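The values are calculated or read from the model by the stated rules, or taken from the named source; none is laboratory data. Nothing here was measured: the structure is a model prediction, and the numbers come from that model. As a convention, Cβ positions derive from the backbone with ideal geometry for all residues, glycine included, and neighbour counts pool all protein chains shown. Note: accessible area is taken over every heavy atom of the protein model, side chains too, but ligands, DNA and RNA are not part of it. Shrake-Rupley method; radii C 1.70, N 1.55, O 1.52, S 1.80 Å.
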Amino acid sequence: MTDPKRTLTPDEIAAAGLTDWRQLLTGISARFATGDFATGLALVEAIGAVAEEANHHPDVTLTYPEVSVRLVSHDVGGITSRDIEVARRISEVSAEADVSAESQQQTEVELCIDTTSEERISPFYAALLGDKSVPLWFQEPGREGPELPAADPPQRWHLDVWVPRDEAESRLQEALAAGGRLVSDAAAPSFWVLEDADGNRSCICSTSGR
């Protein structure tokens, strides 16, 4: 992990041993349970000092009970050793502040539209959503992953729900126990296709096997 410009693989990120952090779709993320706003604000200031020292700046969200942090190297479009190093320093300053990480139940949702006309419709959704932080994926049916039976009734939209690789199977079982049905596990552990009681489909996704 010495080249700061090289994008790391999911297996390399998992091997880094970042116990507070989980890889989802767009970076590595951590949630720190501050319990109150003042503690959270102090932690944000400490994270800011770490970021300035490293000249590598995370996305930080402060709410009353927690601070959420996401790291990614935007210049290379992936996770690098720079993110790993900053993640370790952020974990250190949170421990020094006696703030614990809540590593479980992290989720990132991607909106997916099944279409063969990406070039024709993507400008509309770019204008409609405006905010580039909303993950949107155009997918030609049958092109990505296993060939699946058509949804009945036909479905154009589905959710890709990204979870940490070590939580994917437990999330799958929770969804099945809540009334879901497994449509396909042909691409597992990269993703499972589920549907609700009305036949609406979604995917549980992880970085495993990618």
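Just one of Asp166, Asp131 is open to solvent by 70 Å² or more (accessible area, probe 1.4 Å), assigned to a loop (DSSP other than H, G, I, E, B), at pLDDT 85 or above and of a type in the set (Asp, Glu); which is it?
From the options Asp166, Asp131, the qualifying one is Asp166.
Would region 72-82 turn up any residue that is more than 30 Å from Ala33 (Cα to Cα), free of Cβ contacts under 8 Å to residues at least 60 places away in the same chain and open to solvent by 80 Å² or more (accessible area, probe 1.4 Å)?
Within region 72-82, not a single residue is more than 30 Å from Ala33 (Cα to Cα), free of Cβ contacts under 8 Å to residues at least 60 places away in the same chain and open to solvent by 80 Å² or more (accessible area, probe 1.4 Å).
Does any residue in region 23-34 that is on the phi > 0 side of the Ramachandran plot come within less than 9 Å, Cβ to Cβ, of a residue that is part of a strand (DSSP E or B) six or more places away or on a different chain, and which pairs are these?
Matching pairs, first to second residue: Gly27/Asp59; Gly27/Arg70; Gly27/Leu71; Gly27/Ser73; Gly27/Gly78; Gly27/Glu108.
When the residues of region 86-112 are filtered to those that are buried (at least 17 other Cβ atoms within 10 Å of the Cβ) and touching a His at 6+ places or on another chain (Cβ under 9 Å), which remaining residue is modelled with the highest pLDDT?
For region 86-112, the residue satisfying everything is Val86.
Of Thr9, Thr63, which residue is open to solvent by less than 70 Å² (accessible area, probe 1.4 Å) and farther than 21 Å from Arg210 by Cα?
Thr63 is the lone residue from the list that is open to solvent by less than 70 Å² (accessible area, probe 1.4 Å) and farther than 21 Å from Arg210 by Cα.
Quick check on region 78-93. Is at least one of its residues over 20 Å from the mean Cα position of the chain (by Cα) and more than 20 Å from Ile28 (Cβ to Cβ)?
No, region 78-93 has no match at all.
With the condition kept exactly as written, say whether any residue in region 188-203 is touching a His at 6+ places or on another chain (Cβ under 8 Å), part of a loop (DSSP other than H, G, I, E, B) and touching a residue at least 40 places away in the same chain (Cβ under 8 Å).
Looking through region 188-203, at least one residue is touching a His at 6+ places or on another chain (Cβ under 8 Å), part of a loop (DSSP other than H, G, I, E, B) and touching a residue at least 40 places away in the same chain (Cβ under 8 Å).
Go through region 1-48 and report how many residues are assigned to a helix (DSSP H, G or I) and under 20 Å from the mean Cα position of the chain (by Cα).
The total comes to 6.
Being surrounded by 11 or more Cβ atoms within 10 Å (Cβ to Cβ), touching a residue at least 12 places away in the same chain (Cβ under 8 Å), part of a loop (DSSP other than H, G, I, E, B) and not small (Gly, Ala, Ser): is that true of Leu159 here?
no
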